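Chemist: There's a structure below that I have some questions on.
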Amino acid sequence: MVRRVAVLGAGVSGLAATKSCLEEGLEPTCFERSEGIGGLWRYTDKAEEGRASIYRTVFTNSCKEMMCYPDFPFPDDHPNYMHNTRLQQYICKYAEHFDLLRHIQFKTLVTKVKKRPDFAVTGQWEVVTQRDGKEETVVFDAVMICSGHHVYPSLPLADFPGIQKFKGSYFHSREYKEPEKFRGKKVLVIGLGNSGCDIAVELSNVASQVYLSSRSGSWVMSRVWDNGYPWDMLVITRFRTWLGNILPRALSDWLYVRGMNRFFKHENFGLMPLDRASRKEPVFNDDLPSRIACGVVVIKPNVKEFRETSVLFQDGTVQDGVDVVIFATGYSYSYPFMEDDSIIKSRDNQVTLYKGILPPQLEKPTMAVIGLVQSLGPIIPTADLQCRWAIKVFQGRWMDTCWAKVSAPLFLSSLPRRYGNSTTLQTDYITYMDELASAIGVKPSVLKLLLTDPRLALEILFGPCTPYQYRLRGPGKWSGARKAILTQWDRTLQ
């Protein structure tokens, strides 16, 4: 019988986990190594060990109606895309509103999580923590790992010959905070992800020249789409997902590429992904195409070799006088507190999780990893639904197969074909959310609503798949969900 649950981390996922436990009558204890909540979104002037780090000017890539907690909309007057400080204020209000702070132990480092000797029978874990130099061991019935995946930087220097003799400075984008110290310098940014593009665009205002190196290209999208509406309120809809699933693959890919090229032709800007039909997470940057067009950001292929003051690229071109190299090369998964690291990591050091949540080889399903899934959708509602699903599994109320037989693939068999090979757990947002929601009885029934509430049904089918849809019915139902869905465009316009 699961009662006491350890939650590791008080970011957006950890708060969702704590609240989900309370909704189901469980007793959560959330351990946070820093002095405040927010995780990734709590900005600090210097990168802190063991914590995610963001730069001063980070804004959200998902709009407020799509990325909120499903029973706690943003205030009407908030902009559609928010600076990190405003999102952090919202996170704090959420924690206060649902009285979550009293369940969090701050400045507490989790040093070890290990199975109890009788785990095969009880499913219990020992959690060892350190606080003020004192060590404590507590037994929990279940563990929810909410530490995120933007903590441990991936800096693959072995892939860049000659970097040791480079006389300029180089560092991971995790260390970047603001642009002023790079004024007048030539800067090379390696990595065409969201961080790399944001940093390149920001530096282009002060640096003498910015070069942006990409190994495989990427789709670049604007936050602002047709008629000025947020991209995700137009793109992430049930109807579009249904259409994408029934169309022939070739036609679906053609429409996808056509849609991505609607504002500018990626090939002309040197941004075209090597795999044109790749559905990996695109980059969101409204300014990059104009920065390239103005010549202040120059797109380059992958680096072949570093020299003392210059860089040789794969196309044979050489750039002299490079002062700084910023590696925006992403992050690696690491769980230093796990006594047995193979519980989460498996083949080739990659993560394999049932439904993207549960380590499949455990004798008892009493551990959940929250927030590792990446999709063309927001993390807050994804984490919220993952937590609700995981707790139902903890309680033994739902399992779609005998746990002993799960040797679990991630999600749907079509994923590798559609999303390509990636170390991230990528999936289609609505397909994945509906899969979890169906299992715990909270997926909205469009057919039933067409008979009983046609206005709501049509908004659910053709409108944006906002998080409120997963609080309309079943466990965790929220009385304000219907109104929130029918007024979501009003808040967007406001």
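The values are calculated or read from the model by the stated rules, or taken from the named source; none is laboratory data. The shown structure was predicted, so the numbers you read here are calculated from the model rather than taken from an experiment. Counting neighbours? That spans all protein chains shown, and the Cβs are built from the backbone with ideal geometry, glycine included. Each accessible area value is taken on the protein alone, full model and side chains, heavy atoms only, with ligands, DNA and RNA left out. Shrake-Rupley method; radii C 1.70, N 1.55, O 1.52, S 1.80 Å.
Chemist: Per-residue HN-Hα couplings for segment 20-37, Karplus 6.51 cos²θ - 1.76 cosθ + 1.60 at θ = phi - 60°, whole Hz, x for Gly and Pro?
Modeler: 5, 4, 5, 4, 9, x, 8, 10, x, 10, 9, 9, 10, 6, 8, 9, x, 8
Chemist: How many percent of the accessible area of segment 146-290 is carbon or sulfur, using a 1.4 Å probe?
Modeler: Its accessible area is 52 percent carbon and sulfur atoms.
Chemist: Taking amide H positions as placed 1.01 Å from N in the peptide plane, with prolines and chain starts having none, which residues 5 or more places from residue 352, or on another chain, fall under 5 Å of its amide H?
Modeler: For residue 352, whose amide H was placed from the backbone, the distant partners under 5 Å are 346.
Chemist: Could you work out how much longer the chain between residue 158 and residue 269 gets when fully extended? Use 0.36 nm per residue separation minus the Cα distance between them, nm to one decimal. Intermediate values should be presented prior to the final figure.
Modeler: On the way: separation 111, 0.36 × 111 = 39.96 nm, distance 2.87 nm.
Gain on extension, residue 158 to residue 269, equals 37.1 nm.
Chemist: Where does segment 201-312 land on Rg/Rh, using Cα atoms and the Kirkwood Rh? Could you put the intermediate results ahead of the total?
Modeler: Details: Rg = 16.6 Å, Rh = 15.9 Å.
Here the Rg-to-Rh quotient is 1.04.
Chemist: Order these peptides, 148-156, 160-168, by their mean beta-carbon neighbour count within 10 angstrom, highest first.
Modeler: On the way: 148-156: 18.2, 160-168: 14.8.
Descending packing order for the listed peptides: 148-156, 160-168.
Chemist: Taking the DSSP beta bridges in the chain as the whole, what percent of them are antiparallel, to the nearest 5?
Modeler: Numbers: 27 of 64 bridges.
Expressed as a percentage, antiparallel bridges in the chain total about 40.
Chemist: In square angstrom, what is the accessible area per residue of the chain with a 1.4 angstrom probe?
Modeler: Details: 21620 Å² over 494 residues.
So the chain comes to 44 Å² accessible per residue, rounded to a whole number.
Chemist: Can you pull the one-decimal nm distance between simple spin-label points at residue 250 and residue 332, each 7 Å off the Cα toward Cβ?
Modeler: Roughly 4.2 nm, to one decimal.
Chemist: Leaving ligands, DNA and RNA out of it, work out the accessible area of residue 143 with a 1.4 Å probe and give it in Å² to the nearest 10.
Modeler: Approximately 0 Å² for this residue.
Chemist: I need the per residue convex hull volume for segment 118-203, using only the alpha carbons, in cubic angstrom as a whole number.
Modeler: Details: hull volume 18.2 nm³, N = 86.
Per residue, the Cα convex hull of segment 118-203 comes to 212 Å³.
Chemist: With the convex hull built on the Cα atoms of segment 445-494, state its orientation-averaged projected area in nm². The partial results should precede the final answer.
Modeler: Values: hull surface 13.7 nm².
In nm², the orientation-averaged hull projection of segment 445-494 is 3.4.
Chemist: Percent of Cα-Cα pairs more than 29 Å apart in segment 24-182, please. Kindly include the intermediate steps, with their values, before the conclusion.
Modeler: Details: 4644 of 12561 pairs.
Of all Cα-Cα pairs in segment 24-182, 37 percent lie more than 29 Å apart.
Chemist: Here's something else I'd like to know. Report the local net charge at residue 84: Lys and Arg +1, Asp and Glu -1, summed over other residues whose C-beta lies under 11 Å from its C-beta.
Modeler: Details: positive: 42, 56, 86; negative: none.
Local charge sum for residue 84: +3.
Chemist: Would you mind checking 185/304; 115/177; 93/185; 112/355 for any pair whose Cα atoms are more than 31 angstrom apart? Write out the running numbers ahead of the final one.
Modeler: Details: 185/304 22 Å; 115/177 39 Å; 93/185 41 Å; 112/355 25 Å.
From 185/304; 115/177; 93/185; 112/355, over 31 Å: 115/177; 93/185.
Chemist: In addition: From the phi angles alone, apply the Karplus equation (6.51, -1.76, 1.60; θ = phi - 60°) to segment 309-326 and give each ³J(HN,Hα) in whole Hz, x where the residue is Gly or Pro.
Modeler: Along segment 309-326, the couplings run 10, 9, 9, 9, 9, 4, 7, x, 6, 10, 10, 8, x, 6, 8, 9, 10, 10 Hz.
Chemist: A further question follows. Largest first and in whole Å, give the semi-axes of the chain's equivalent ellipsoid, each being the square root of 5 times a Cα gyration tensor eigenvalue.
Modeler: That gives 36, 29, 22 Å for the three semi-axes.
Chemist: Would you list which aspartates and glutamates come within 12 Å of residue 443, measuring only between C-alpha atoms, while excluding same-chain residues fewer than 8 positions from it?
Modeler: Hits, sequence-local ones excluded: 434, 435.
Chemist: Compute the distribution of all C-alpha to C-alpha distances in segment 260-381, in bins of 10 Å from 0, and list the percent of pairs in each, rounded to whole numbers.
Modeler: With a bin width of 10 Å, the distribution comes to 9, 27, 27, 23, 13, 2.
Chemist: Next up: Pull up the cross-link candidates among the aspartates and glutamates for residue 483, meaning alpha carbon to alpha carbon under 19 Å and not fewer than 8 places away within one chain.
Modeler: Reachable aspartates and glutamates: 65, 71, 76, 77, 453, 459.
Chemist: Can you give the net charge of the other residues whose Cβ lies under 11 Å from the Cβ of residue 364, counting K and R as +1 and D and E as -1? Provide the component values of the computation, followed by the final result.
Modeler: On the way: positive: 115, 116; negative: 118, 141, 363.
Charge balance near residue 364 sits at -1.
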